[in-house]
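**Q** Have a look at this one.
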Amino acid sequence: MGRRHRFAAVAGTALVLLAPACRSTPSAEVSESESVTPSPVESETEPPILAPLTGLPIDDDVDLDGPLMAVKVENTSAARPQAGLGSADVVYEQLVEGGVTRFLAMYHSRFPEVIGPIRSARLVDIDLLVPYRPMLVYSGARGDVTTALVRTGLIALLPDDGQPVFYRDPQRSKSHDLFTNTQRALERGSTYDEVGTFESPFVFDAEVPRGGRTATNLEIRMSGFSRTGWEWDDTAQVYRRLQDGDPHEVVDDEIGAANVVVVLTDIGPGACCDTAGNPFVATRMTGGGPAVVLRDGKRYDARWNKDAVSEHLTIETPDGDLFPFAPGRTWILLAPMNGLPDDTE
């Protein structure tokens with residue numbers, strides 16, 4: 001998996017995905033004296049290069065040898081509308097203190113101009129991040145999280161007055177105003193020569209899997225204060241995100257997920273406490289459990305599995321194979337065991 005990252009405050013590193021092997025086109029020499037009879041010629045068009053986290057063809061200006069960047073994005077009412085969420089290849093939604101959720105957004109095939117508001121990291125991020133080996137953009141963390149991040153060897157980008165990676169939006173309220181300039185973050189990360197590689201935890205197949213049942217909308221109870229909903233947009237062939245029953249508004253690209261995954265796991269109080277007196281949230285991310293996948297307007301029963309912190313969280317069919325995702329962006333919700341209703345329309 002390449003060389004090990006160093007964890008560095010206010011720093012970053014580029015993450016290299018191994019490029020596909022070069023392909024050669026066979027040729028044959030023909031003597032000038034030979035008569036050549038025209039015959040059908042097979043197309044020599046190269047197959048498109050696909051992004052590892054979306055299964056979609058990449059644009060000509062996309063460098064798959066470039067970094068994978070993970071960004072912690074806030075999701076309180078004061079943080080909305082956010083910037084950059086619609087461009088993420090993969091988004092993990094997690095429960096934090098006070099019953100609200102927070103996003104861990106992963107960017108590899110497309111980078112928006114700005115992303116935010118940016119907030120702090122949590123222990124669950126480590127479980128998700130280690131196998132991706134990204135550079136992590138976040139606002140900080142409490143002591144035990146920082147210690148755990150240091151042990152992973154991941155590279156981090158943190159706010160620093162001497163580097164123009166972060167900025168404050170004067171139109172936003174305090175504590176909800178921190179954003180990153182993506183290009184500057186990538187440039188800062190490129191100053192480190194240690195690189196890593198990652199393997200995608202997903203497989204993609206445009207063909208709709210057999211089975212499943214119609215699912216044009218679904219609401220997940222993340223907590224008593226937060227409900228995440230998804231509605232099928234048949235025209236765009238994606239699910240649109242709802243926050244507490246209303247469309248989730250962002251300042252740039254509209255949120256559209258080809259795949260929505262609900263990971264059901266044990267979530268409860270952890271260490272004490274945040275500044276408001278709320279206990280930190282503990283989320284079980286190793287082992288396995290039930291999951292639900294939405295794609296193509298249908299709902300499928302699945303399982304999630306993660307053998308160790310160093311291994312990816314994978315989504316599997318009941319038979320134990322990797323679940324085939326629709327090419328496109330994916331949102332994964334880490335939801336409590338009682339968060340999913342039985343009824344789906």
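**Q** Can you pull out the residues in the range 107-129 that are under 13 Å from the mean Cα position of the chain (by Cα) and either in a loop (DSSP other than H, G, I, E, B) or surrounded by fewer than 21 Cβ atoms within 10 Å (Cβ to Cβ) (or both)?
**A** Result: HIS108, SER109, ARG110, PHE111.
**Q** Within the range 306-345, take every residue that is polar (S, T, N, Q) and under 19 Å from the mean Cα position of the chain (by Cα) and give me the one that is surrounded by the most Cβ atoms within 10 Å (Cβ to Cβ).
**A** Here the residue is THR330.
**Q** Would you call PRO81 within 29 Å of ALA236 (Cα to Cα), touching a strand residue (DSSP E or B) at 6+ places or on another chain (Cβ under 9 Å) and either surrounded by fewer than 24 Cβ atoms within 10 Å (Cβ to Cβ) or free of Cβ contacts under 8 Å to residues at least 40 places away in the same chain (or both)?
**A** Taking the combined requirement at face value, the residue satisfies it.
**Q** How many residues are surrounded by fewer than 18 Cβ atoms within 10 Å (Cβ to Cβ) and either in contact with a His (Cβ under 6 Å, 6 or more places away or on another chain) or of a type in the set (A, V, I, L, M, F, W, C) (or both) if we restrict to the range 281-301?
**A** 1
**Q** Tell me, please, whether a residue that is charged (D, E, K, R), within 27 Å of ARG80 (Cβ to Cβ) and not in a loop (DSSP other than H, G, I, E, B) can be found in the range 132-149.
**A** Checking the range 132-149: not a single residue is charged (D, E, K, R), within 27 Å of ARG80 (Cβ to Cβ) and not in a loop (DSSP other than H, G, I, E, B).
**Q** Report the residue count in the range 174-188 for those that are more than 13 Å from GLN82 (Cα to Cα) and either surrounded by fewer than 18 Cβ atoms within 10 Å (Cβ to Cβ) or not hydroxyl-bearing (Ser, Thr, Tyr) (or both).
**A** 9
**Q** Restricting attention to the range 268-309, which residues are touching an Asp or Glu at 6+ places or on another chain (Cβ under 7 Å), closer than 30 Å to VAL208 by Cβ and among the basic types (Lys, Arg)?
**A** Of everything in the range 268-309, just one residue is touching an Asp or Glu at 6+ places or on another chain (Cβ under 7 Å), closer than 30 Å to VAL208 by Cβ and among the basic types (Lys, Arg), namely ARG303.
**Q** Turning to a different aspect of this structure: Which strands (runs of 3 or more DSSP E) sit wholly inside the range 167-279 and have at least 3 residues that are more than 22 Å from VAL96 (Cα to Cα) and either touching a Cys at 6+ places or on another chain (Cβ under 9 Å) or at pLDDT 90 or above (or both)?
**A** The strands (runs of 3 or more DSSP E) meeting that bar are 227-233, 238-243.
**Q** Among the numbered criteria (1) out of contact with any His (no Cβ under 6 Å at 6 or more places or on another chain); (2) under 19 Å from ARG188 (Cβ atoms), which single criterion is violated by ASP169?
**A** (2)
The values are calculated or read from the model by the stated rules, or taken from the named source; none is laboratory data. Every value quoted in this text rests on a predicted model; they were computed, and no experiment measured them. With ideal geometry, Cβ positions are generated from the backbone for all residues, glycine too; neighbour counts draw on all protein chains shown.
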